[in-house]
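Nothing in this text is a laboratory measurement; each read-out follows from the coordinates by a stated rule. Please read all numbers here as calculations on a predicted model, not as lab measurements. Please note: Cβ atoms are built from the backbone with ideal geometry, for glycine as well, and neighbour counts cover all protein chains shown.
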Amino acid sequence: MKILIIQQKMIGDVLTTSILFEALKNEHPNAELHYVINSHTFPVVENNPFIDKFLFYTPEMEESKSTFLSFLKSLKKEKYDAVIDVYSKLSSNLMTKFSGAKIKISKQKWYTSHFYTHTFKEPKTPKTKASIAIEHRLQLLKPLCNSIPEYIKPKVYLTPEEAERSKQFLLDSNIDLSKPIFMISVLGSGENKTYPLPHMADLIDTIVENTGGQILFNYIPKQIDEAKTIYNFCKADTKKHIFFEVFGKSLREFLAITHHCTALIGNEGGAVNMAKALSIPTFTVFSPWISKESWNMFENDSSHVSVHLKDFKPELYEGKTLKEAKNNVFSLYKSFPPELIIPKLKNYLKQF
């Protein structure tokens, strides 16, 4: 059996969808499994032992119809038996159609259902602590698997060499591995998914005051101005604990550094999902317009904890949709000051 799984776009989505490969290999050990992903997301699934081949959707394909058409034709030559389209947008609809597979699986949408042989509604409430994101993906296996696990945790596969290099990098940067190290997800994937910068500084102050821990910032070079702004908002004593120049210059470097951290704390997004896949504890601040139920994977009130404005002020969401919350996100952030979060953060930090 030859199966294609399609999951484009965000790093967190690509990592989460990788659970399907482990489940399929468990039931069909001889199946050949291919994964279509955006090329920039490859590092998060690199070395995954359950994936036989990666196919990359590139920026050139987005810009050139002829380049994309060539890619579609290459899919047709693979002669797949089944396709699981987790992304379910126009580009993946076309990939599914060109694949020629007899079994075509995706989420249920009235305007694309004719592309597929099996479609499934996304759950509205989670049945387990795995989250809706995990549960929805696993149900897509029903046409192919007789035995579907209740949940599978996404995993990142670092090599021993990567772990050792990052350890030496931290030591060379005067990081004390015997003391707590906190990776801070200081910025979200966009402004509307980023806790206000001065508020994030208040949370970092709280971490240092309660643990004396060493602080690392997760940012990429083009975000240095925003990261520096947060640093400047921090108290003078807090700044002594921040190793601002110590950061991963690539996604694999970030993963390897996070592997040595005590916990990751900050904005919800790919960094949180990656930390969980590395079995690193997390404390997550959700944007007011993101569904916590969809992405609070494996929350357990101890090692993995999250906060959402809706937890504190549910009345702000009565009769409102997430789309309306997105349109009003900056006003909602004003209703989500650090004072709401800090008591729960302090309690979380007691374990370290």
Only four residue types carry charge here, +1 at the Cβ of Lys and Arg and -1 at the Cβ of Asp and Glu. Report the dipole size of the stretch 2-139 about the Cα centre in Debye, rounded to the nearest 20. 540 debye
Between the modelled labels at K79 and E150 (7 Å from Cα along Cα→Cβ) the distance in nm is 4.2 nm
Potential extension, T229-S303 segment - 0.36 nm per residue separation minus Cα distance: 23.7 nm
Over the stretch 251-320, what is the relative contact order in percent, taking alpha-carbon pairs closer than 8 angstrom and at least six residues apart? 25 percent
Just the Kirkwood number for the stretch 20-175, please: inverse of mean 1/r across all distinct Cα pairs, in Å, one decimal. 17.6 Å
Quick one: which residues, 5+ away or cross-chain, put their amide H under 5 Å from the amide H of F54? H built at 1.01 Å from N. Y35
Taking the Cα centroid of the stretch 177-211 and of the stretch 8-66, what is the distance between the two, rounded to the nearest whole Å? 31 Å
For I242, enumerate residues with amide H under 5 Å from its amide H, sequence gap 5+ or separate chain, H modeled in the peptide plane. I215
N38's amide H: which non-local residues (gap 5+, or another chain) put their own amide H closer than 5 Å, with H modeled 1.01 Å from N in plane and none for Pro or chain starts? K9, Y57
Translational diffusion coefficient, Stokes-Einstein: compute it for the stretch 202-343 using the Kirkwood radius over C-alpha pairs as Rh, at 10 °C and 1.306 mPa s, and state it as an integer in µm² s⁻¹. 97 µm²/s
What share of Cα pairs, in percent, lie more than 17 angstrom apart in the stretch 279-335? 38 percent
Taking the convex hull of Cα positions in the stretch 111-187, its mean projected area over all directions (nm²): 9.9 nm²
Quick one: grab the alpha carbon gyration tensor of the stretch 12-87, order the square roots of its eigenvalues as a ≥ b ≥ c, and give me rounded if a/c is under 1.5, else prolate or oblate depending on whether a/b is larger than b/c. oblate
